[in-house]
Structure formats: C-alpha cells, structure tokens
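Asker: If you scroll down you'll find the structure; I have some questions about it.
The values are calculated or read from the model by the stated rules, or taken from the named source; none is laboratory data. This one's a predicted model, so the numbers in the text were calculated from it and none came from an experiment. Don't worry about glycine lacking a Cβ; one is built from the backbone with ideal geometry, like all the others, and counts go over all protein chains shown. Surface accessibility is based on the protein's heavy atoms, side chains included, excluding ligands, DNA and RNA. Shrake-Rupley method; radii C 1.70, N 1.55, O 1.52, S 1.80 Å.
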Amino acid sequence: MKTTRPEQSPLDRLNTTVDAGWGRLINRVSPQGGARRMLGLLIMAFALFSVLNPAVFLSATNLQNIALAAPEIGVIALAMMLAMLTGGIDLSLVSIANLSAITMSTLYTTMAAADPGQAERLAPVILLAGLAVGLLGGLINGLLVSVVGITPILATLGTMQVYNGVAVVWTGGTTLSGSPSALTNLGISTVGGIPALFVVFVVVAVALGVLVSRTPLGLRIQLQGANPTAARYSGIASRRILLSTYVLTGLLGGIAGSLFIARNPIASADYGASYVLLVIVIAVLGGTDPKGGFASVLGVVLATLTLQIVASGFTAMRLSAYEYGIAQGLILVVVMAYDEVRRRWARPVSRRPARRASS
Amino acid sequence: MTARGVTAGAVAHRLRGSNNEGILAIVLVLLVVGMSIANPAFFTLPTAFSILRSSIVPLILALGVLLVIISGGIDVSFAAIAVFAAYTTVMVFEGDTFGLGLVGAVVSALIIGALLGLVNGFLIARFRLPTLIVTLGTQGIFNGVLLAYVGSRYIANLPDPMAAISTTNLIEVTTAGGHAYLHVLVIPAAILALALSLVLRRTMFGRSIYAIGGDIDAARRAGIRVTRIQLVVYVVVGMMAAVAGMIYMIMGRSANPHELVGGELDIIAAVVLGGASIFGGRGSVLGTVLGVLLIQVINNSLTLAGVPSAWQRTAVGVLLVIGVGVQALAARGTWRARGRLGINTAREVTA
Amino acid sequence: MPPATPSSPPPPVLAVRDIVKTYGGVTALRGVSLDVLPGEVLCLAGENGSGKSTLIKIISGVERPDSGEIVIDGAGYRSMDPTGAINRGIQVIYQDFSLFPNLSVAENIVLTSAVADRRRFYSDRAARAGAQAIVDDLGLDVDLDTDVERLSVADKQLTAICRALVNDARVLIMDEPTAALTHTEVDRLFAVVERLRSSGVALIFVSHKLDEVLRISQRVTVLRSGEHVITSASQDLDPRAIAQHMTGRELDESRQVTELEPDAGVVLEVERLGLRGAYRDVSFSLRRGEILGVAGLLGSGRTEIAESLFGALPHDTGTVKVDGKPVRLRSIRDAIGAGIGYVPEDRLTEGLFLDKSISDNIIAGSPDQHANRGRMLDRRAVRKTIGGLFTRLRVKAPDAHAPVRSLSGGNAQRVVLAKWLARRPRVLILNGPTVGVDVGSKAEILGILRSEAADGRGILIISDDAPELVACCHRVLVVRHGRIVEVLQGDEVTVDAIREKVAA
Amino acid sequence: GCGTVNDGAAGDPSATGRTSASGTTMVTVVKVKGIAWFDRMDEGVKAYGQEKGIDTRTEGGDDISPEKQIQIIQNLIAQQPAAITVVPNSPEALSSVLAQAKAKGIITVAHEATGIKNADVDIEAFDNAVYGQKIMKSLGECMGGQGDYVQFVGGLTAKTHMEWVGAAHEYQQANFSGMKRVEDPIESTDNETTAYQKAKEVLAKYPNIKGFQGSSGNDVPGIARAVEEAGKEKDVCVMGTSIPSAASKYLATGSIDKIFFWDPALAGKAQLEIARILSTGGKIEPGTDLGIEGYHSLKKLDGYDNVFLGDAAIEADAEAAKKYDF
Ligand SMILES: Nc1ncnc2c1ncn2[C@@H]1O[C@H](COP(=O)(O)OP(=O)(O)OP(=O)(O)O)[C@@H](O)[C@H]1O
Ligand SMILES: Nc1ncnc2c1ncn2[C@@H]1O[C@H](COP(=O)(O)OP(=O)(O)OP(=O)(O)O)[C@@H](O)[C@H]1O
Ligand SMILES: [Mg+2]
Ligand SMILES: [Mg+2]
C-alpha cells in the first residue's frame, strides 16, 4: 500500500535546505516574543524604504538622524515599559523630562551668568541635579501609587499636569536656552559614525535589561506585575517595589530630560507632548504586556528604531504626517493581530494561551 | 457568608455607594462650598448652568468610556471617532443638498460612529487583542484618515439645521448675576445617562457587560455571547461618541477637525474618578456623572477662584490627585476595617 | 447507597466517544469514552493532570476536542459550545469556580440560567428571590448581597454549587466541589446530590477524596494519563483499589510519625495571641521536627491565626517567639524575616504567578538568596536550587521555563511548596496543603513534609482532611469559635476524634 | 573614531551650488498641517513655486509640537533641499537642527520667530510690538478709554502672543489710563472651546468687563460666542488676531468688533523669495523689496542681526473682512 508521491523537485529541495538553515540561524540568535517580532518588522521596514528611495533613505545623514532621534523617545519608552511591567503606567514621564531639562538649563544659565568657566566645570553637578529632579518626580508618583494607593493612570495623569504646570510657572511659559557645553557636545558628537546619544541609549537599555532580567529587584518587579497578591504572599514588599519602579521611571525621565537638552540646548514646558501616547505604542509593540508581568527591553529598543525608520521613510517618500499617523496605527493593530492569529494557529484551541516568559 | 457585621459598617457602605459615589458627592460639595467662599460669584445660577453646559460633551463621551471600562477594556479612540463622525457629517451636509435636515445629519453621524466602533469591536472581539492597543492604533488611523482624506479645514459655518440649535436654550433666566442659559442639548445628555443607567442595571445586556468585565472566561463558560456583546459595546460607544461630536460642533458653532482629540485621558480620568475600576467590572452612571461634574467644576472655576492662569494646570493636577487620593484612602480605610472583621478578602490590602 | 437498577438500564443522557485532546505537545486525553445514565452519580477519579478537568471542559463546550464525539440524548456532536451545553441541560461547577468576582452572590447564582433562558431584562429582586430559594434549599447561611470577591474559598465554592443547582439540570458536573468544604457542608451537599439523583438527574463528580467518591457514587471511572483505565460499580471498589488503578501502585495512608528527639527545642512559641473579631487566647508551641495539625470548622478562625503568624493579618495581642526570641509580626516581611513560611489556601491567586515560569515561581520568595555579590541573580545557584527541588518534590513538568499555568493542580502545589523550601524557613505553615491534590501526590507531599520536619523544621498544617492530619501530625489543635479548645496527641489523634471535637 | 553629526556632508560639493532654477527644491515647514491658516500659506507656497519654476512644498506635523518639527527638519536635511523655510512652534527648539541644516549648506529662513538662532533670515510680517500696540489702539478707542479688559493667549509658551499682549498692555498703561487689565494673560490652549469657557468665567467674575483681546486665531471666536450668549455684544469690545473665515459670523453680529491678521500666503511667498535671493548669492538688507505686497521695503529689527520686518498687518472690521477668502 504505497501512495505515489511526486519526486521532490530540486528547487523544493533547495528551499527546504535554505529554510532549515535559516531556521537554525534564527534559533541561534533567537530573541523571544516582542523582540523577535520587532526584529522582523525592523528589517522589513528598512528594506522597504531602502528600495523605495535609497538615495535619501540610505544617506549617512538620514541614518544618523534616525539614531539621533531615537534615544530620547527610546529612553522614555523604556521607562514606560518598566511602569507597565508592574501593571501600571506613567503618563508623567515627558513632564518629568521637561522639568529636569528646565532645572539643568536654569542652573547652567544662572551659574554661567556669574562665571561661565565655573558653570562648565560644574556640568556633572548640573546633570546630577537634573537627574535628581527626575528622581523626585518619580518618588512623588511612587508615593501616590504605593502608599496612597491611587491607580497609576490617575496618579500620573494628575502629576503630569502638576509637573507641567510647575514647568509653565517656572519658565513663565518661555523656552529657556542654555546647556552645559559638555552636554551639547555630547549631543553632536559621534563615535565611529554613531551619534553619542545613541550610545547612551544603548547603554541605558543594556543596564535596564540587566536590571529587569538578571537582578532580584527586576524579578520582583516582574512578579509584582504578574500577580500582586501572590507577590505579597511571597514576601515581596509590594509598596517598596512600586516605589522603586516609579523612582526608576522618574530617573529615566530625568535621563530623557538630559538627552533633550543635549540634542537641543533648550528647555520648555511643552516639548515632547506627542511622546506621551507614542511611547505606549512603542512599549506595547516591543512586547510589553499592559496587564503587567511581561516585557522585553530588546523589543522596546527595536520598536523605537522601527517607528523612527518608518517616520523618516515616510518623509523620504514625501508622505504627510497624517499618513504616518495612519501607518503607525496600522502597524500596531496589524502586528498585534498577526501575533494573536499566529499564536492561535500554533495552539488552535487553547483558551488561555500560555505566555512566554521573557524579558 | 455570615450576617455578622451588618451594622454600622453596612450603613456606611450603603452611603458610600458601591463605587464610592458617596465620597465623590462629598468631595464635590466641599469643592463647591470652597469655591463659593473664595468667590461668591461662583454660587450663582449662571455658573451652575454654565458648568452643566460644559459637562454635556464630556459626559456623553464619559458614558461611552464607562461602558468600555465596565466591560474590562479601555478606549482611547472615542475622541477620534467623535470628530470623524461629526466633521464628516458637517462636510457632507455643508450645502445640505439633500434637504435631510437635522435628523439626516444625526443619522449620518450615528452610522459613521457605529462603523468606526465596529472596527474597534471587530479587532477586539475577533482577535482578542488588548483594548488599549487596538484603540491606540485605531485612534491614529481614524484621525489620520480624517485629516488626510476627508478634510482638515476649520469650517466656520455649520449647515443651517445644525446652526439653528446652537443658540436654542432650554431655560433662560435673568438673575441679579446676569443672564443664565441652560442649553437645550442637556436633554439628550440626560436621556442618555438615564437610558444607560437602566440598560446597565436592568437588562441582561448590561449585566453581561459587568460579567465580561469581571471575568471574561467565566462569562464565556456561562454562555454569554462575549464576542457579540463586545461588538455591540464598541458600536454603541462609537455612536455615543458621534453624538458627542455632533453636540460639540453644534455648541461650538463651527467644525474643527483638530479639536477633541487629545483630551481622551481627561475623560478616562473622570470615569475612573467616578468609581469605575480600570480593571473592569465596576462602575456606575451616577459615579460617572459625579466624576465629570467634579472635573468640570475644577476646570471651570479656577479663574473665578482667583488662581492665576499660569498655575491653573498645576491646580487641576493637584485637585485631581487629591480627589482620587481621598477616594483611594477611604477605600483603603474600609478594607482595613473589613480586614478586622475578618472577612476574608481584606488580605491583599492590609500590608 | 441505593444500587442502580440492574435490569433494563435507561439510555445514557450523555456519552463521550474516543475523545482526544492535545495542548501543544501535551496530550491531555487519548481516546476517552464514557456514558452517564440518568439517576446515577458517576465519579471521575485520577491523578492530577490525568485529564478530568479537560474532559469536563470538553463536555461543557469550553474546549474543543481534537477528535471524538459528544452524544447527548442520542444525538452526536463534534464539539459543544457553552450555550449549547447549558441549553441541553448540562451544568458545571468548575474547579476554578468561574464566578464573577465583581457581582453579588445572588447575581452570580442566577445569571447563568438567565442567560440560558435568553432573558432580556434583569431584576435584582427576582434574582435575590431565586437565589434565596436555592440557598434555603441547601440550608446555607449566605449573605446574598456580598460581592463574590469578598468571599473565602469555601464560600465561593458554595456559591458555585448554588449556581449549578438553580437550573433544572439534567446533567450536573462537579469538578472537585468539596475541595474547600468541611465535613458539615459536604454532608449537606451530598444530601442535595442524593435528592437530585433520585429525581433522575445524572451527575458526574470529581474528587480526590476517595472515601467521598465511594460514598456518593454508583460507578467510578478512573483515568490515568489521559486514558480510560476502568469503569466499575462503586460497591466493587475500595479506596485502596481506586488508588491502585489511578497510580498503578500501592499507596499507604497510615499514620507515620517519627518519635521526636526528647531534647528537640521549641522553634515556635505562641502566647495568648488575639485578634479582635477573629480569635483570642491562642497559645501553643511547636518543636523542632514536629508536625502540628490545626483542625476546625469553616469560620472557626484557623485561617486568621495562620495569617497572623505570617504577618498578613497582624494580631492585636499576645507574643510570638521563634527559637526563643520574641519576634514582631506586623507584616509578611517580618514573618519571613523571622523564618516563617506560609503556603496559602488559595494557591491560584495567592500562591502562584500563573503565567510566569516555574523557575520564577520557585525563586519568587528568595531572590536575594540567589544573588551573587554583585547583586545579580546567580543563574547557577538558581539552576541548582530548582534542580534540587524538582527532584526532591518530583515536579512533573517539561522544563523549568514552562509557565505554571500548564501544570496540573498537584504539580502546581508542589511549586508553591518549592518556593518556600527554597528559603529554608524555620517554621512552615501550610493551609490546605493537599486541597485538590490526588492521592498519589498527596502521599508524596505528606512524605515531603515529614522529611522537612525531620530536617529540623517546625511544620503547622491546617486541614479539613482528617485522615491527612492523622497520617502525619504529632499533635492536632482543635479550634472552635476562635479558641483552641482541644489538643490531641499521641493515640488520641484519630479521624473520629478529630471529627468529633471539631463539630462539638 | 569620534566626530560630530555634522561631519557627513560638510565638504560635500553636491550640498552647495544647486542654484540652477530647475531641480531646486525648497520646503516650507509649518507649525501644523491642515489648518486654514497654513492651507492658505500652502497656496502661496505653491503659487510661488509655479511662478519661479521651483519645486516648493509645505511640510508639517499633525499637531503643534516642537519635537515633530525637529524631526521633520532633520529628515528633510537628508533630502538636501536648497532651502528650508520654517514657521516654528518653538524657535529656540529648532536652533540646533537648523545649525545642522546650515552645516549641510541648506539656506534657512524663518517666519514668526524673532530671535531665532541659526536661521539666515527671519522675516516678520510686522513688528510684534507695533502690532500689539495697533490692536490696543483700536481696543482702547472701542472701549472709550475706560473699563476693565483681559487678554487671551494661545499658550503661555507662545512667544509672539506674549509679545503682542505685552506690548499692548504697555501701550494701554501709557495711553489709556482709564483702562485696567484685570487678569494676567489667560491661556486658551489655542482651543476655541477653552477660550469660550474661560471667557464665560471672566464674564461671571467681572460683570463689568468691557474688553477682550485675543491672540490665537481661535481666541476671538470663542470669546465672541461667550459674549453673544451673555447678550453683551453691544457692551463688550472683542478684538484680536483671527482669520476672516473663522470670525465672519461673529463680525456680522458685532460680537467681534475687529480682527487683525496678515496674509499667510504672502508670508509664505516672502520666505521663499528671501531664500531664493540668498541662494543666488544675493543679500537681504534694510529697504530690500521682495516684490510682494506688504514686503516692499523691509526694515531691520533693532537688536537682532537676522530679523527683517515687513509691513503686512491687516486690520479688518465686518465689512473689510468680506474681501478675504481664507
Ligand atoms: N490550557 C492548557 N494548556 C496546556 N496544557 C494544559 C492546559 N490545560 C490542561 N493542560 C494539561 O492537560 C493535562 C490534563 O489536565 P487537567 O486539568 O484535565 O487534569 P485534572 O485531571 O483535572 O487534574 P487535577 O486533579 O489536578 O485537577 C495536564 O497535563 C495539564 O498540564
Ligand atoms: N470568634 C469569632 N468571633 C467573631 N467572628 C468570627 C469568630 N471566628 C470566626 N469568625 C468569623 O467567621 C468568618 C469566616 O472566617 P474564615 O472562613 O476565614 O475562617 P477559617 O476557619 O479560617 O476558614 P477556612 O475553613 O477557610 O480555613 C469570618 O467572618 C470570621 O471573622
Ligand atoms: Mg482538574
Ligand atoms: Mg461688541
């Protein structure tokens, strides 16, 4: 009883070998979940625009610009990812970043008025002050969320307005200019053709990745997000974890603030308002579960780059900002839907698909 | 399941309301009293009517959000739907070549709203995607499509049938403090609130929404048609958003496709302030009404209260934090008390 | 136990034929067939993960079989859907209850039937009346207006039972309905079951308590690793036989307690502990190597005592000493710091991170112990701990990276246990350590506890399962109305004595 | 090794010398795409491109945000247009990205951006201080030099708005001592509904209010709606920047008394013409004639080396506004 099977054609054989080889390669470098998906998308987007408009898209300037624009958004997206990892959200990040940028700018201009040389020498102190402001903003969020017990979305919506309001009052609504030249120089320098700010971003991302997946604190943050009750019964001090998380997101906000003034030596209350929702999109695209417990730093980094690539590709294609808005929405929805369909296809009937633990 | 402890605690619980409506009402009253002391001009009929008037659109939007939040989701695309539906309608009816009048315009807006809601509902129910993500995506899509392909211009003059209601008032009173007008469009808002309240409390559809928000898998096991109900919820929300959009443009007497979008978080804040749980399954129309009023009172009275313009953003934020903080602490207090009574679930909060 | 009429058996109301079901790589059911006759109780027995719940979910339409057929009243279906099942008279009490935490008890009880009846409107008053009727019928004392999320596990279970009974079911399926119930409630439930059966309802009953199984059922079906092993009349079986079919080996549930070393020090000393509204004047001591049982009725305050000792529900009065040193127990961290561990009664919400990996779950309580000097998680140490515990507790899982959700009840419980053992606590408190755990696993878990005690730990076990307490406890405290009323020790520790003192 | 982000094409010959008319691209970056004001500017930009045979277009974000403008300009630099002209949301925010553009040999021209750095020329339709005074002169006359008034700005961070109201306030203090500004400038967030609500609050708080000055295009329509509802269109003077289409229905009822503006189409043309002159090696000096109405004799603004002023302000009452179709 042998069913006749057509002889496999050489082409098919080639295909199978290539597929197998490709599969092995993928498995070797295999990032998981959000990261894997974003890697695919990133390559696709890059290839697409390279083909459509290579002259503009592949120019050194353009690639540098992508690397220059990504850090500030990326750092805020990483902070958002961290907040979402605990099942929360931090809407105040951009306001914190602005407040810290304003602090640094004000300190610098005040000092420079008295003694410019001194102001430059004290650049590290100024930077620390800015980060401290971020930390403080995060601390207030953390206290509201953990001690007072306000839902994060409301607590940070409130503090977003408070921090923003303080920034408006402080600056009188004007845009401050002035930033230590150490920072400004960092903003325009490159290392081997790669903007220094991008290097800073990668360093922050690596540090955060290590923190989340390789340290006790990171594990606790993940567990707190996955199931707060069980976390409590496991002896995880939920309040302290939430507090640390929001302090950390505040600190990242502060770092974003210093990236702001490194890139443009100015500080104002209304910079980056459009980032608030954008970073949620990035965090989620990067594989963060908004319900908490799961996130991927690599995924978020790749998602940041992908959206930057699409944005610059669209300008290169002379498409409008509205069309980019549509594309951004479509990418989000299609990627998530595709993911879900594929997952269900892999396990056609499981109602509660087991999620991959990754970070 | 003991009858023990159904004493003072129970009475307090009743007064507090199942979603903290009681506390919210007290916060609202205190705020009004405070404002009135700060500036007697606050405690007047014109101010009251003005606050009611400015609450109409946020309220209708908030009611839609409430529905989504109870069902366990979150929606950030409703403002985009509101503008899309209303602006497109205004564009279509600009010349009113069909002579369909107001009814035609409203129907057209409702259909557009329903269709856009259907897109959300389809993606959410069919693919079982997180609602925040879907609506974040569709928000960008709807807004982009509107501005790129429908139109992006400010339309200064509305079609006549719409323009006619702009200046129609329900009540006009002249008091010592000046003229007080209550806009006629509070009626649809009130009707929607009442109707939604009835639907949520008295119909199986409403209860199913709570059930889905409570535990979606349990809802499926109980035979509730989750997919269909989610679809209907998002369609209804789309239609409510369309109504809100129409009212917004009618009251503003112009159509600007750049408005409304961006204020989503404030609406969600009002709903959550009104006691709805971000995690789904809890929330009431009464609470939402109080939440919206509270935010409107805050937003509308800072100038009167003498808060300098520059400080107003901060003040809104501080008041919001205080409002939800009081609620959170009050909820915490009762949890703790209950923990003492030994009722078993106090566990997660008594740290 | 009236025997089923042997002459002309009525046609089965429900049957399944050759059901196969796989989850990813795991085969949960491999060609299972069975019949259920009207007017009988069919018990499903089997070890954790043998596929009982999966079979039930397939019958109720929650899951779709890969192949096979469901036959209801002679009509065959490839698969069911929840509404279809309910409309055909199939009601289920799920192992995880599937209640709505945000709705009142009354509404939870009536909602499913209202959905099935395709009602359009809902009335609070009618719901309350309907729920009250069923609650009265069962003779329960239930506050119908409380939200379900405020209920204890036992109360949730009672609510789920009420809900299944409110419909006039023709087939009633109960997946471990007694797991969290005490003796009295089980008796009430069984009275109801008996009544339903005599009125012609067919019942499928899943339980790991084999004496219950034999008491209530006419026939027993045993599954092992997704396969049908045997279906036999209950009177032909005894617990030992069932256990043997389930596990394929002999089990021993007899009392096995080692003699304590005479000079074994006191590891936990509780003096005049009190918490208003829950318990008072609680004093006892626990020696190194001792296993101390705590028995009591639902609501007697046992859980509160345990939670106070774990700092989750701080006590008002009294003192606690660990190893002779007074300790402060205002928070869980205090308790953990003092060397106290606690396996909570509701392992799904309090014990486990269901979507996290087994490995994360196990080190959830001891990340710092697994950190190297640079405050990084030491992967080698983690692997070592997990490897050790996997073998020691015999956790059955493909690998440590699988999410806990994919584990069966018994294995999940071992993971909770492993979490605490990874910390090496001085005192381990377990609340219902074998709830929903099959006899095989149960014997193993008790064995583990014995050896942990032998290691010098003090162990406190709260349980409704008298035989289990007898099997491993040196002494048993009986709690009534928030006070310790009796201490049974040595030969006094018998099933009958415990049941008698608890109910007195 | 190390370097700077401006290295890439600094010495790139193709970056400069693309002065031949054909193939030249000039891009105008506006505050936001799709609003009537910038649609009108787009008309001017397109018309100019056709007249001169240059590839011109406008780009802009989908909302008013400095970071999006930075992003757009940065992306444009990669496309190497001959010139970028920009109406910045925040002039300061653009300084470093404009420096990048300059480093690549791109001509940069700004509009509504007094004090902007790294733009070759900033062209203003008029002197902001003079414009503010002009509004106050009309408002003061309308109010008969007596009574309370308030000022609205689109944002407390909007530099030009703050300059207009600042100059107007000073002018009032010097010339209309009977008038009093009773609140600091009020923020409308450039939103008509907010302007409307704030105006209602003002009317409640100061029943005797006599005047409103608006700054963003949405301010006066919102204020006028509040005034009209209070039945005070005869008692209150409402004036400020707006565009004829948005203001027309309120001008007709008298709830807006006068609007002030300049024609964005002409401003768009003026920017491009300056860019063209600079790119052909020309110079902008006091007295330069761009050949565009309102920009026939540019003035230099004191205290800045790159700011030139036109004389393009238009004021219009109900009658005059009908002439404009934007
Ligand atoms: N959603 C799921 N995804 C993957 N595997 C699953 C899933 N549900 C069940 N399983 C697997 O199917 C098998 C049967 O599980 P099931 O829950 O039916 O066992 P059970 O007999 O009810 O056990 P218990 O007595 O512990 O309740 C187990 O190996 C379990 O791990
Ligand atoms: N002495 C007492 N005085 C007042 N209330 C009491 C007393 N003892 C128990 N209760 C009440 O009985 C109710 C039920 O408590 P709970 O179910 O937690 O008891 P438990 O014995 O720990 O139950 P479980 O069987 O789940 O372990 C609680 O409301 C508790 O406060
Ligand atoms: Mg089971
Ligand atoms: Mg007038």
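Asker: Rg (Å, one decimal) plus Dmax (Å, integer) for the alpha carbons of chain A?
Answerer: Expressed in Å, the Cα Rg and Dmax of chain A come to 22.7, 97.
Asker: For C:SER451 and C:ASP211, what does the FRET efficiency come to when R0 = 25 Å and r is the distance between their Cβ atoms, rounded to the nearest 0.05?
Answerer: 0.45
Asker: A further question on this structure: For a quick protection proxy, order the peptides B:38-51, D:25-38 by their average other-Cβ count within 10 Å, most packed first.
Answerer: D:25-38, B:38-51
Asker: Tell me, which residues of segment D:247-272 get at least 40 Å² less accessible area when the other protein chains come in, versus the chain alone (1.4 Å probe)?
Answerer: Checking the loss per residue gives D:LYS249.
Asker: From the phi of every residue in segment B:311-320, what ³J(HN,Hα) in whole Hz does the Karplus formula 6.51 cos²θ - 1.76 cosθ + 1.60 yield, where θ is phi - 60° and glycine or proline is x?
Answerer: Along segment B:311-320, the couplings run 8, 5, 4, 4, 4, 4, x, 4, 5, 4 Hz.
Asker: Please list C:ARG383, C:ARG197 in order of solvent-accessible area, largest first, computed with a 1.4 Å probe with all protein chains present.
Answerer: C:ARG383, C:ARG197
Asker: Round to a whole angstrom and tell me the spacing of the C-alpha centers of segment C:155-211 and segment B:215-277.
Answerer: 42 Å
Asker: Roughly how many Å² is the accessible area per residue of segment C:152-214, as a whole number, for a 1.4 Å probe?
Answerer: 27 Å²
Asker: Would you kindly find the accessible area of C:ASP124, with a 1.4 Å probe and non-protein molecules such as ligands, DNA and RNA excluded, rounding to the nearest 10 Å²?
Answerer: Approximately 110 Å² for this residue.
Asker: Now for a separate question. Suppose all protein chains stay in the model; what accessible area per residue would a 1.4 Å probe give for chain A, in Å²?
Answerer: Dividing the accessible area of chain A by its residue count gives 38 Å².
Asker: OK, next. By accessible area of protein heavy atoms, probe 1.4 Å, what ranking do D:LYS299, D:LYS249 get, highest first?
Answerer: I get D:LYS299, D:LYS249, largest accessible area first.
Asker: Please give the residues from segment B:106-137 for which the solvent-accessible area of heavy atoms, probe 1.4 Å, is smaller by at least 50 Å² with all protein chains in place than with the chain isolated.
Answerer: Buried-area filter returns B:PHE127, B:ARG128, B:LEU129, B:LEU132, B:ILE133, B:LEU136.
Asker: In Å², rounded to the nearest 100, what is the total accessible surface buried by chains B and C against each other with a 1.4 Å probe?
Answerer: Buried surface at the B/C interface: approximately 3500 Å².
Asker: With the full set of protein chains in place, find how many percent of the accessible area of the protein assembly as shown is carbon and sulfur; take the probe as 1.4 Å.
Answerer: 58 percent
Asker: Rounded to the nearest 100 Å², what is the sum over both chains of accessible area buried where A meets B, with a probe of 1.4 Å?
Answerer: Using a 1.4 Å probe on protein heavy atoms, the buried area is about 4100 Å².
Asker: Shifting gears a bit: Could you state how much accessible area C:ARG17 has, in square angstrom rounded to the nearest 10, with a 1.4 Å probe and all protein chains kept in place?
Answerer: Its heavy atoms expose roughly 90 Å² to the probe.
Asker: What does the charge add up to near A:LEU197, with Lys and Arg as +1, Asp and Glu as -1, over the other residues with Cβ less than 11 Å from its Cβ?
Answerer: Local net charge: 0.
Asker: Still on this structure, please answer the following. If a/c stays under 1.5 just call it rounded; otherwise compare a/b with b/c (prolate if a/b is bigger, oblate if not). Do that for segment A:286-332, with a ≥ b ≥ c from the square roots of the Cα gyration tensor eigenvalues.
Answerer: Oblate is the answer for segment A:286-332, as a/c is 1.5 or above yet b/c matches or exceeds a/b.
Asker: Per residue of D:98-105, how many C-beta atoms from partner chains lie within 10 Å of its own C-beta, taken as a mean?
Answerer: The shielding value for this peptide is 1.
Asker: Now for a different question. In a shell of Cβ-Cβ distance under 14 Å around A:GLY134, excluding A:GLY134 itself, what net charge do Lys and Arg (+1) and Asp and Glu (-1) give?
Answerer: With Lys, Arg at +1 and Asp, Glu at -1, the net is -2.
Asker: Which Cα, out of A:ILE255, A:THR229, A:GLN118, lies furthest along the positive dipole direction of segment A:30-343 (beta carbon charges, K/R +1, D/E -1)?
Answerer: A:THR229
Asker: Please give the helix C:409-421 orientation as an angle from the longest Cα principal axis of chain C, in degrees from 0 to 90, rounded to the nearest 10.
Answerer: Taking Cα atoms only, the helix is inclined about 10 degrees.
Asker: A drop of at least 40 square angstrom in accessible area, chain alone versus all protein chains together, probe 1.4 Å. Which residues of segment C:128-146 meet that?
Answerer: Relative to the lone chain, where solvent access is computed with a 1.4 Å probe, segment C:128-146 loses at least 40 Å² at C:ASP141, C:ASP143.
Asker: Would you tell me the accessible area of C:ARG119, worked out with a 1.4 angstrom probe on the heavy atoms of the protein chains, in Å² to the nearest 10?
Answerer: C:ARG119 exposes around 130 Å² with every protein chain in place.
Asker: Right, another one. Please give the per residue accessible area of chain D, computed with a probe of 1.4 Å over protein heavy atoms only, in Å².
Answerer: 34 Å²
Asker: So, one more: Averaged across A:186-193, how many Cβ atoms of other chains sit within 10 Å of each residue's Cβ atom?
Answerer: Per residue, the number of nearby Cβ atoms from other chains is 5 on average.
Asker: Using Cα pairs under 8 angstrom and six or more residues apart, how large is the relative contact order of chain C, in percent?
Answerer: Relative CO of chain C lands at 16 percent.
Asker: Something else about it: Counting only other residues whose beta carbon sits under 9 Å from that of C:GLY440, what net charge do I get with K and R as +1, D and E as -1?
Answerer: -1
Asker: While we're looking at this one, here's another question. To the nearest 500 deg cm²/dmol, what mean residue ellipticity at 222 nm is calculated for the protein assembly as shown from DSSP H runs of n ≥ 4 alone, each contributing -39,500 (n - 2.57), summed and divided by the residues?
Answerer: Result for the protein assembly as shown: -17000 deg cm²/dmol, rounded to the nearest 500.
Asker: Separate question: Give the angle, between 0 and 90 degrees and rounded to the nearest 10, that separates the Cα long axis of helix A:123-142 from the longest principal axis of the Cα atoms of chain A.
Answerer: 70 degrees
Asker: How big is the dipole moment of chain D about its Cα centre under a simple scheme where the beta carbon of each Lys and Arg is +1, that of each Asp and Glu is -1, and everything else is neutral? Debye, nearest 20, please.
Answerer: 120 debye
Asker: Can I ask one more? Please list the radius of gyration and Dmax for chain B, considering alpha-carbon atoms only, with Å as the unit.
Answerer: Cα radius of gyration and Dmax of chain B are 21.4, 70 Å respectively.
Asker: Tell me the total accessible area that A and C bury against each other, 1.4 angstrom probe, in square angstrom rounded to 100.
Answerer: The buried area between A and C, both sides summed, comes to about 3000 Å².
Asker: Ranked by accessible surface with a 1.4 Å probe, highest first, in what order do A:MET44, D:MET179 come?
Answerer: Descending order: A:MET44, D:MET179.
Asker: If you line up the long axis of helix A:297-316 against the longest principal axis of chain A, both from Cα atoms, how many degrees apart are they, to the nearest 10?
Answerer: For A:297-316 against chain A, the angle is about 90 degrees.
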